[in-house]
Structures are given as structure tokens and as C-alpha cells.
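In what follows, a single structure is set out as C-alpha cells and then discussed.
The values are calculated or read from the model by the stated rules, or taken from the named source; none is laboratory data. The structure presented is a predicted model; accordingly, all values stated were derived computationally and were not measured. Because the Cβ atoms are built from the backbone with ideal geometry, glycine has one as well, and the counts that use them run over all protein chains shown. These accessible areas exclude ligands, DNA and RNA; they are computed on the full protein's heavy atoms, side chains included. Shrake-Rupley method; radii C 1.70, N 1.55, O 1.52, S 1.80 Å.
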Amino acid sequence: MAAARALVVSGLNAVRIRPCLQCGWRDAVSAVSFSSAAGSSEEKLKSRQAEMMARGLPKLKPIHGVKHVLVVASGKGGVGKSTTAVNLALGIAASDHVKAVGLLDADVYGPSIPRMMNLKGNPEVSDKNLMIPLVNYGIRCMSMGFLVEETAPIVWRGLMVMSAIERLLRQVDWGNLDYLVIDMPPGTGDVQLSIAQNIPISGAVIVSTPQDIALLDARRGAEMFQKVNVPVLGLVQNMSVFRCPKCDHETHIFGADGAKQLAATMGLDILGDVPLHINIRETCDLGKPVVVSDPETSEAKAFVAIAQQVINRISK
């Protein structure tokens with residue numbers, strides 16, 4: 001036994017060594033060799049798992065003619081996400097360096113872009129059997145609201161919703177766009193994940209009010225995009241302060257600087273604050289967003305400033 005040789009496996013090579021009866025040198029070398037082999041196998045397993053996961057994900061396929069896709073999202077509804085998306089698209093279009101902007105309403109169950117952009121009717125179909133977006137204020141728009149009656153409930157299961165999203169993304173003749181702004185549905189479900197994993201996205205804008213409950217969901221939304229490798233450009237603190245239309249007195253109804261604190265915690269930037277002002281609500285309800293109907297107001301300028309922040313971050 002003393003003269004017996006020990007077989008030590010390291011990686012793919014087999015090495016024979018003569019043991020030492022005095023110091024147990026063979027045991028030490030064996031332990032190191034086998035430990036090295038175990039570490040190598042673990043690394044190979046992790047690499048293999050990552051490769052298999054990558055194979056299972058769909059490949060990102062750009063939308064024809066679209067340079068940049070910007071998603072506007074929120075963790076929950078009722079925080080002014082669609083209002084922000086509409087005014088943000090108009091603010092981007094107002095830039096001297098931007099030629100064409102599109103707006104896609106991905107909220108299948110609750111499409112609001114048609115009313116906010118004052119658009120009605122069904123889209124025409126091109127020779128290539130692609131839907132032609134409806135246009136107002138220079139923005140090319142597409143929404144499920146153009147395909148169903150305004151008051152008709154959309155009672156669909158998940159597969160039908162995903163099919164509709166695919167059609168809105170791939171079967172629309174967007175032409176050449178510098179930016180396509182996507183108004184995402186609230187939450188972090190199938191639609192958000194499908195869009196993030198099917199098309200290249202230049203950045204995500206997270207909208208939240210300063211309220212603690214809204215901020216919890218906003219954080220989930222931001223973390224979801226980070227996990228699927230979509231750059232989060234920053235947070236928009238909507239309804240940050242109520243400004244009285246008569247005396248301009250300011251009141252922090254939903255709290256003060258909540259989104260700023262969340263942004264600091266997550267290492268994100270605040271793209272801007274938008275006040276809670278009746279002018280924003282009224283103009284959107286009338287289909288005349290404040291950026292185009294009342295551009296000299298402070299609330300309109302807030303959206304334009306946010307749009308410029310977005311352009312600067314995407315163009316870096």
C-alpha cells in the first residue's frame with residue numbers, strides 16, 4: 001500500500017503521484033486537485049445554465065424604421081402615466097433635433113390615448129397589409145381603442161392580449177421614427193415582460209406620485225426593467241404639489257419628495273416634477289394636451305424639460 005500510486009483527477013487530466021508516508025503529501029495534493037476540479041465543474045455548470053437560459057429567451061427584434069423605443073411605465077394605475085406619456089411624446093417632438101415621434105398605447109384593457117390625443121376611427125391598411133397610424137399634433141398613434149368601440153369592454157384572456165400586443169408592435173406601418181413612446185399598462189405582468197424581451201428598448205421612464213403606496217409599486221416596476229436589462233432613465237414625480245389655480249398656493253397633498261428619496265435609494269435620477277394642476281387634467285380630457293394647447297404654462301414646461309432630459313440620456 002505504501003508503494004501504491006494515487007490517481008488524482010484535475011479537470012480533464014489524470015496525474016499519478018507517489019504518496020509520502022511521512023507528511024501525507026498525497027492527501028494535501030489530492031484535496032487541492034479535487035477541490036479545483038469541483039470548482040471548475042461548478043463554473044461550467046453555471047455557464048451552461050446561463051447559455052440554456054439565453055437560448056430560451058426570444059431574440060430582440062427591432063421595429064422596422066424605429067430608432068429608439070421609450071417605455072413609460074408605473075407600478076400601479078392612477079398615477080398619471082398615460083398623461084405623462086402623451087405630453088412626453090409631444091415634448092420630444094418639440095425638440096429641434098427630432099423629426100418624427102410615434103405613440104403606442106399598450107394598455108389593451110384601458111386604452112386612453114385615443115381620447116387624450118383627440119383621435120377616432122379605424123386605422124387604414126396599407127398595400128402590405130399593415131395598419132397605418134392615426135395622426136394628430138404631428139404624432140403617429142396606434143391603440144387598441146382604434147379597433148374596438150370606445151365603451152366596449154375588452155374581456156380577453158392572456159393569449160389574446162399577447163396576440164394583440166404583437167399586432168400593435170409588428171403590424172403597424174410606423175414609417176421612420178426617431179422615437180416611439182410606449183404607454184405601458186400598469187403593473188409588472190405578461191405585457192411588460194413580453195415587450196421588454198421582444199424589442200430593443202432604449203430606456204424606461206417610471207412615473208409615480210410621492211405617496212408611499214405608489215412608491216412601493218414604482219420600485220417594483222423599476223426593478224423589473226433592471227432585471228430584464230432595460231435601462232431605467234429615471235423617475236417622474238407626478239402630482240408632486242397642488243398649485244391653486246387662483247392664488248398659486250402650493251400644498252403637498254401626496255407628500256413631499258417621496259420619489260426623490262426612492263430614486264436616491266435605487267441610484268436613479270429624478271427626471272422632473274409635474275404639479276397637480278387642473279389645467280393638465282382638463283386639457284387631456286378635451287384631447288388637447290397641455291404641451292400643445294398651453295405651452296407657456298409652468299406645467300407644460302415641466303413636461304418639455306423632462307422630454308429634454310430623456311433625449312439627453314438616450315443620445316449619450
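Would you please give the FRET efficiency between LEU130 and ARG220, computed as 1/(1 + (r/R0)^6) with r the Cβ-Cβ distance and R0 = 41 Å, to the nearest 0.05?
Details: r = 35 Å, r/R0 = 0.85.
Efficiency for this residue pair is about 0.75.
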Tell me, what HN-Hα J-couplings in whole Hz come from the Karplus equation 6.51 cos²θ - 1.76 cosθ + 1.60 at θ = phi - 60° for each residue of the range 276-284, using x for Gly and Pro? 8, 10, 4, 5, 5, 5, 5, 5, 5
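Give the calculated FRET efficiency between SER315 and ARG157 to the nearest 0.05, with a Förster radius of 45 Å applied to their Cβ-Cβ distance.
Details: r = 40 Å, r/R0 = 0.89.
With R0 = 45 Å, the Cβ-Cβ based efficiency is 0.65.
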Note on the range 146-235: contact order normalised by length, alpha-carbon pairs under 8 Å, 6 or more apart, percent, works out to 26 percent
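How do 61-71, 115-125 rank on mean C-beta neighbours within 10 Å, highest first?
Details: 61-71: 17.7, 115-125: 15.8.
Per-residue Cβ counts within 10 Å, averaged per peptide and sorted highest first, yield 61-71, 115-125.
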Considering only protein heavy atoms, what per residue accessible area in square angstrom results for the range 90-228 with a 1.4 angstrom probe? 48 Å²
If you add up the charges near LYS288, with Lys and Arg at +1 and Asp and Glu at -1, over every other residue whose beta carbon is less than 15 angstrom from its beta carbon, what do you get? -2
If amide H atoms are modeled at 1.01 Å from N in the peptide plane, then the residues at a separation of 5 or more from VAL66, or on another chain, having amide H under 5 Å from its own are LEU177
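Of the listed peptides 206-218, 241-253, 165-177, 296-308, what is their order by residue-averaged count of other C-beta atoms within 10 Å, with the highest listed first?
Values: 206-218: 22.2, 241-253: 11.6, 165-177: 17.1, 296-308: 18.9.
With the highest mean Cβ count within 10 Å placed first, the list reads 206-218, 296-308, 165-177, 241-253.
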Kindly state, to the nearest 0.05, the FRET efficiency for ASN229 paired with HIS249, given R0 = 51 Å and r defined as their beta-carbon distance. 0.70
First compute the accessible area of the range 195-316 with a 1.4 Å probe, then give the percent of it belonging to carbon and sulfur atoms. 51 percent
Which sequence of ILE278, ILE311 reflects their accessible areas, 1.4 Å probe, from the largest down? ILE278, ILE311
Roughly how big is the range 246-316's charge dipole about its Cα centre, with Cβ charges of +1 (Lys, Arg) and -1 (Asp, Glu), in debye to the nearest 20? 280 debye
